[in-house]
């Protein structure tokens, strides 16, 4: 269903609607262990979020990347993406998210 929704929004070029769909699919595929598919959708979402200045969604995307790299055992990249998410959330004044992400960052080995 998500794919169908994304395809419909793509057809009408509603970037602000299909970009979050890409993020959702990236997270779904990451959780399902389909790493290549997850990266495919995350890489589609990132430039759209940047272009449209959808900073909160961009931070969420970095959080998914963090989870992806944590699952892969690449703690350096996991930290990098979580730090990016924190920086974006600070810029938005979303300090509840900052606090949550900083706690998670402190727990990384």
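If residue 29 passes every condition in (1) without any contact (Cβ under 8 Å) to a residue 24 or more places away in the chain; (2) crowded, with 19+ Cβ neighbours inside 10 Å; (3) within 24 Å of residue 91 (Cα to Cα) but one, which one does it miss? Among (1) without any contact (Cβ under 8 Å) to a residue 24 or more places away in the chain; (2) crowded, with 19+ Cβ neighbours inside 10 Å; (3) within 24 Å of residue 91 (Cα to Cα), residue 29 violates only (3). Every condition in (1) modelled with pLDDT under 95; (2) in contact with a helix residue (DSSP H, G or I) (Cβ under 7 Å, 6 or more places away or on another chain); (3) exposed (fewer than 15 other Cβ atoms within 10 Å of the Cβ) holds for residue 92 except the one numbered (1). Inside the stretch 57-84, residues that are exposed (fewer than 15 other Cβ atoms within 10 Å of the Cβ) and touching a residue at least 24 places away in the same chain (Cβ under 8 Å) make up a count of 3.
Among the residues that make up the stretch 35-48, is at least one of them surrounded by fewer than 17 Cβ atoms within 10 Å (Cβ to Cβ), free of Cβ contacts under 8 Å to residues at least 24 places away in the same chain and not in a helix (DSSP H, G or I)?
Here is the first cut: in the stretch 35-48, the ones surrounded by fewer than 17 Cβ atoms within 10 Å (Cβ to Cβ) are 35-37, 39-40, 43, 47.
With the extra rule that they be free of Cβ contacts under 8 Å to residues at least 24 places away in the same chain, the set shrinks to 36-37, 40, 43, 47.
The next check asks that each one be not in a helix (DSSP H, G or I); those that pass are none.
Scanning the stretch 35-48, I find no residue that is surrounded by fewer than 17 Cβ atoms within 10 Å (Cβ to Cβ), free of Cβ contacts under 8 Å to residues at least 24 places away in the same chain and not in a helix (DSSP H, G or I), so the answer is no.
Regarding residue 16, is this residue crowded, with 17+ Cβ neighbours inside 10 Å, assigned to a helix (DSSP H, G or I) and at pLDDT below 95? Taking the combined requirement at face value, the residue does not satisfy it.
The values are calculated or read from the model by the stated rules, or taken from the named source; none is laboratory data. All of these numbers come straight from a predicted model, not from anything done at the bench. Because the Cβ atoms are built from the backbone with ideal geometry, glycine has one as well, and the counts that use them run over all protein chains shown.
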